[in-house]
1. How large is ³J(HN,Hα) for each residue in segment A:225-238, as worked out from phi by the Karplus curve 6.51 cos²θ - 1.76 cosθ + 1.60 (θ = phi - 60°), to whole Hz, x for Gly and Pro?
2. Counting only protein heavy atoms and a 1.4 Å probe, tell me what percentage of chain A's accessible area is made up of carbon and sulfur.
3. Across peptide A:71-79, what mean number of C-beta atoms from other chains lies inside 10 Å of a residue's C-beta?
4. With the Cα gyration tensor of segment B:6-271 giving a ≥ b ≥ c as the square roots of its eigenvalues, does the rule (a/c under 1.5 for rounded; else a/b larger than b/c for prolate; else oblate) give rounded, prolate or oblate?
5. Using only protein heavy atoms and a 1.4 Å probe, report how much of A:Val143 is accessible, in Å² to the nearest 10.
6. Taking square-rooted eigenvalues a ≥ b ≥ c of the alpha carbon gyration tensor, is the protein assembly as shown rounded, prolate or oblate, where a/c under 1.5 means rounded and, failing that, a/b exceeding b/c means prolate?
7. Out of residues 5 or more away from B:Leu132 or on other chains, whose amide H comes under 5 Å of its own, with H placed 1.01 Å from N in the peptide plane?
8. Given an 8 Å cut-off on Cα distances and at least 6 residues of separation, report the relative contact order of segment B:6-271 as a percent.
Amino acid sequence: MPREELISPDGLRTDGRRPLEIRKVTCRMGILPRADGSCHLEMGNTIVLATVYGPRELSSRQSSCGIIRCEYSMASFASTDRRRGKRSDRNSVEMASSIKKTFENVLLTDLFPKSRVDIFIQVLQADGSERSAAINAVTIAMVNAGIPMKDLIVSCSAGYMENTTVMDLNHVEMITRGPQLTLAIYASTERMATAHLESKASFEIFENLIAIAKKGCLQMFDVMHSSIERYSLNLIASRDHIATFGSRA
Amino acid sequence: MYAVSKAEKAYLLDTIETGTRLDGRQLFEYRPISLQVGVLPSASGSSRLRLGETEVLVGVKVEVGDVVESSNDNVQLLFTVECSGSASADFLGREAESWSSELQNALESAYRAANVFDDERLSLVPGKFCWLFKVDILVLDTGGNMMDAISMATRTALSTTLVPRVHIVQSEGSFELEIDDNPDACDTLKVEKAPTFLTFSLIGNHFVLDPSIQEETCARGKLSVAVDANGDICHVYSFGLLDAVELSRLLTIIKKTGKVLLNRLDECVKNGESS
């Protein structure tokens, strides 16, 4: 079987994007009223729902700073072939623990001792870059929950294929198993929070991947930032409305 | 687990005694329902339904399977109810398991009783191959009355499900199935006969339709009835004290409300909008 072409002669990718182009990102905050923070994030066809509860009481163990728990699961209809996703499978556990570690460093956990923050990530549709989507969604859900953080974490993936470096990989590009990197950075300092490289890459390619992924992160951040801003402005506007309503009464 | 204090419970009971509810509804009134269909491109049919604070997502995958237990059904339905992590904070371990199998069983038996897919068009090779509809239900938020939300979402997801046209090629006594090359050659499922559940909670001495999570916590009894568009009853499960006179009174309400609800759902799907 001839290998499918990932980059067309015109330099376009399978989904029509240019190499240095992220997919369409839309996010909605606060969609689950019963949770403290929630975010529904779509990156192209990848859809992730992140929910944050907390800080809430820690029932069993005492600790001087807050602890974070994270759970990652994939819906059974998320990929094209139906799979019964289990919360305990190795992939999900690894993903959960790496996301937990990423956020442990950025949350100001010493501000809420003897309490915990629960993060739940549900992948509703998997079309590549689930790790980045999950990290981005959790960041926004944290903002929605109002949990103090040093900085916002944004993430983007990059991959190397057919002599081209591309950002924000989709499913087709991910299953080629070429060198691919998922990078998460602190939005304002641009320092690295986590990097996750799969398969072998030469030093030059790796450096290139980091640079491209970082660019992707910043693009991603623009979208996330503007939607957080829009949400907050709406909140402020509704508060003013209530205030004027109250004074009139 | 969701908890209400004694004072809250007393307040809730008093309000219901006066014929209204905490959120201002009448005793036999549903919370606002919003519905989205075709939300998952990777599934053959999907819907997302919000009933008050309860939210569920349903994806249907269509496969061809071998007939089991020499049944003559053209269609086998497999329901799985799963709680997403955020919702399962209320249910942990065994409790979540028994809870989801309770919902699964109720759906299964209601759909079996209603004989929903008794359709000649869906026939493949009788006794050998049948359609396998895998209905995966993901609970995103638990705000009370899961059963009704799940059954409504399942019905709408099935009604938007596309089944590819299949040609049966017979060669030397064995059958081969060929899927039509044209990706647009699909049939939508007919779900007129599919039932929906209506759930009541018994609070104090009153029954209330579509209980919220606070009301469920304070309830001392529950009645769940599945009805189809004709008003026939497909499944009942109840616990708590219930007398026969009360039941027949409720059944007339169920018949009437069920019909209205099913019509509304069908209309919404047809117009492709939410209500």
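The values are calculated or read from the model by the stated rules, or taken from the named source; none is laboratory data. Here the structure is a predicted model, which means the values were calculated and not measured. Positions of Cβ are generated from backbone atoms using ideal geometry, with glycine treated the same way; all protein chains shown enter the neighbour counts. All accessible areas refer to the heavy atoms of the entire protein, side chains included, with ligands and DNA or RNA removed. Shrake-Rupley method; radii C 1.70, N 1.55, O 1.52, S 1.80 Å.
1. For segment A:225-238, the Karplus curve yields 4, 5, 6, 5, 4, 4, 4, 5, 4, 4, 4, 4, 4, 5 Hz.
2. Answer for chain A is 52 percent, counting heavy atoms of protein chains only.
3. Mean inter-chain Cβ contacts per residue within 10 Å come to 6.
4. prolate
5. Here the accessible area works out near 50 Å².
6. Values: a/c = 2.09, a/b = 1.17, b/c = 1.78.
Cα axes put the protein assembly as shown in the oblate bin.
7. Those lying under 5 Å, H to H, from B:Leu132 are B:Glu63, B:Val64, B:Gly65, B:Gln76.
8. Relative contact order of segment B:6-271: 20 percent.
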